[in-house]
Ligand SMILES: C[S@@+](CC[C@H](N)C(=O)[O-])C[C@H]1O[C@@H](n2cnc3c(N)ncnc32)[C@H](O)[C@@H]1O
């Protein structure tokens, strides 16, 4: 399944028409989650390959000097926005498993001239950073794609400093939908079949050790499936 996901996003990275309805994105970048001010400060290509379902940088309330990690950073839009928000005293890492996406993201970063950005190759189930080194973990429509979500939550908890927080956008299934009903609404690589329910998301975060958990729906993606902002603290 992970290889199918990687192939899907390798194609998206190299295609100009990546925002088909089977991507996570609503294809509505300018009128959607990102403000015109956000978009004015990033290369056009970073916005074009934006495949998220929200704007986690807007909900994470980033402060100057903080270290941010974006899981499944894709073309880098949220990493570049984070890097601007945390300023030269802060740092923004992007993590992605797909070489083609990393290439696009690194090109976009070079175009911005930001010096406080690094894109790492790796899996969100095995984050290549030491324990307790990150203030904020963000992610935009990626965790639903993981085949081992408890491992992802445990890894996020491990790399966060005590008191660190998460600001995640993700697709979440309403609690009444069975896994079969979720699969009827879309496939795994399009961010639907692998989505957790609200109850599963909350209990996964509790099991990993998180507190102050909130799940706030922002819009309906398809019947019974919502785009949701998830916040929690270590
Ligand atoms: C739906 S796209 C979202 C990209 C980006 N967050 C955005 O908002 O544009 C999913 C991204 O997550 C990456 N990805 C999916 N599963 C992953 C995993 N298990 N480990 C690392 N990266 C993963 C894909 O390569 C792809 O770039």
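Being free of Cβ contacts under 8 Å to residues at least 40 places away in the same chain and within 18 Å of the chain's Cα centre (by Cα) is the filter here, so list the residues in the range 174-197 that pass it. Quick ask: steps written out before the conclusion?
If we filter the range 174-197 for residues that are free of Cβ contacts under 8 Å to residues at least 40 places away in the same chain, which is where we start, we get 175, 178-180, 183-184, 193, 197.
Scanning the range 174-197 gives 193, 197.
Return the pairs, sorted by first residue and then second, in which the second residue is outside any loop (DSSP other than H, G, I, E, B), the first residue lies in the range 139-159 and is more than 23 Å from residue 92 (Cβ to Cβ), the beta carbons are less than 7 Å apart, and the residues are 6+ apart or on different chains.
Going by the 7 Å Cβ cut-off, the qualifying pairs are 147/2; 149/143; 149/204; 150/204; 150/207.
Looking at the range 161-173 only, could you name the residues that are more than 16 Å from the chain's Cα centre (by Cα) and buried (at least 20 other Cβ atoms within 10 Å of the Cβ)?
164, 173
Working carefully through the options 111, 66, 103, find the one that is more than 10 Å from the ligand (Cβ to nearest atom), farther than 19 Å from residue 2 by Cβ and in contact with a strand residue (DSSP E or B) (Cβ under 6 Å, 6 or more places away or on another chain).
66
Taking only the range 204-227 into account, find how many residues are in contact with a helix residue (DSSP H, G or I) (Cβ under 9 Å, 6 or more places away or on another chain), more than 18 Å from residue 137 (Cβ to Cβ) and surrounded by fewer than 16 Cβ atoms within 10 Å (Cβ to Cβ).
3
Of the residues in the range 207-234, how many are closer than 14 Å to residue 173 by Cβ and out of contact with any strand residue (DSSP E or B) (no Cβ under 8 Å at 6 or more places or on another chain)?
2
Computed from the coordinates by the stated procedures, all read-outs in this text should not be read as laboratory data. Model, not experiment: these values are computed from the prediction. For neighbour counting, all protein chains shown are included, and Cβ atoms are generated from backbone atoms with ideal geometry for every residue, glycine included.
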